[in-house]
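What follows is a short report on a single structure.
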């Protein structure tokens, strides 16, 4: 398989588009960013920590999207730098809860997982939607998971429940705003292998 995206993709199909990709510094988020930049877009990214090899520091926002303050920081800086968005890709997600099934999970485990995989997207959608509705155009993409219907209950039950909630929310939001010119899409990703050969979820970031 050809691993050089430039050998496969080219063009300016995203030229002039203002895009935010959360969790965009590694995994599937990084791949999304690379593809959009190749297509001519201006792409801002977020992550909890700044990578050493950051290519466009002026388009990066270091922030913890699991908190209201973290989301507010991202919103403020995106509007300040770009004036709004044409495409919002809610990619940040993942799970750090312990294995052992439902009884191994605490209230904090559930709260943190839903804050990462659902509330981060809801807060950003709520902030950027008014401008999209005003301009009668825009795209919101939620990176969900096959675990929304196939939960691994012994290891990632809270994560699976959060992704199911994200998918349902995404469908409801689509029904509400699609007639007003804003598309909402839910993408259900699968597992991949990282550079070490370990199975990881591509939406982690």
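Rule-based calculations on the coordinates, nothing more; no lab input. Keep in mind that what you see is a predicted model, and the values were worked out from it rather than measured. Reconstructed Cβ throughout: ideal geometry from the backbone, glycine too, with neighbour counts over all protein chains shown.
If you stretched the chain out fully between residue 136 and residue 168, how much longer would it get, using 0.36 nm times the residue separation minus the C-alpha to C-alpha distance?
Values: separation 32, 0.36 × 32 = 11.52 nm, distance 2.33 nm.
Answer, rounded to one decimal: 9.2 nm.
For the options 34, 69, 125, a Gaussian network treatment of the chain with springs between C-alpha atoms closer than 10 Å singles out 69 as fluctuating the most. The angle between the Cα long axis of helix 27-38 and the longest principal axis of the Cα atoms of the chain comes to about 10 degrees, rounded to the nearest 10. Semi-axis lengths, largest first, of the ellipsoid equivalent to segment 18-73 are 19, 12, 10 Å, with √(5λ) applied to each eigenvalue of the Cα gyration tensor. Here the contact order of segment 1-149, divided by its residue count and restricted to Cα pairs under 8 Å and six or more residues apart, works out to 23 percent.
Which residue fluctuates most in the GNM of the chain (Cα springs below 10 Å): 162, 31, 47? Looking only at 162, 31, 47, the biggest GNM fluctuation is shown by 31. Ordering 185, 32 from the fewest to the most neighbouring beta carbons within 10 Å gives 185, 32. Most mobile of 84, 138, 99 per a Gaussian network model of the chain (Cα springs, under 10 Å)? Sorting by GNM fluctuation, first place goes to 99.
On full extension, the segment bounded by residue 103 and residue 53 gains 14.0 nm, given 0.36 nm per residue less the C-alpha separation. Once the Cα atoms of helix 157-177 and of the chain are each reduced to a long axis, what angle between those two axes, in degrees from 0 to 90 to the nearest 10, is obtained? Rounded to the nearest ten degrees, it is 40.
If each residue's Cβ is checked for other Cβ atoms within 10 Å, how do 107, 64 rank with the fewest at the top? Intermediate results must be reported in sequence, preceding the final value.
On the way: 107 7, 64 18.
Ascending number of Cβ neighbours within 10 Å: 107, 64.
Taking every DSSP helix (H) stretch of at least 4 residues in the chain, weighting each as -39,500 (n - 2.57) and dividing the sum by the residue count yields a mean residue ellipticity at 222 nm of -11500 deg cm²/dmol. Taking label positions 7 Å along the Cα-Cβ direction at both residue 183 and residue 82, the computed distance is 1.7 nm, reported to one decimal. So how tilted is helix 68-82 from the main axis of the chain? Cα-based, degrees 0 to 90, rounded to 10. Roughly 20 degrees between the two axes.
Enclosing the Cα atoms of the chain in their convex hull gives a volume equal to 130 cubic angstrom per residue.
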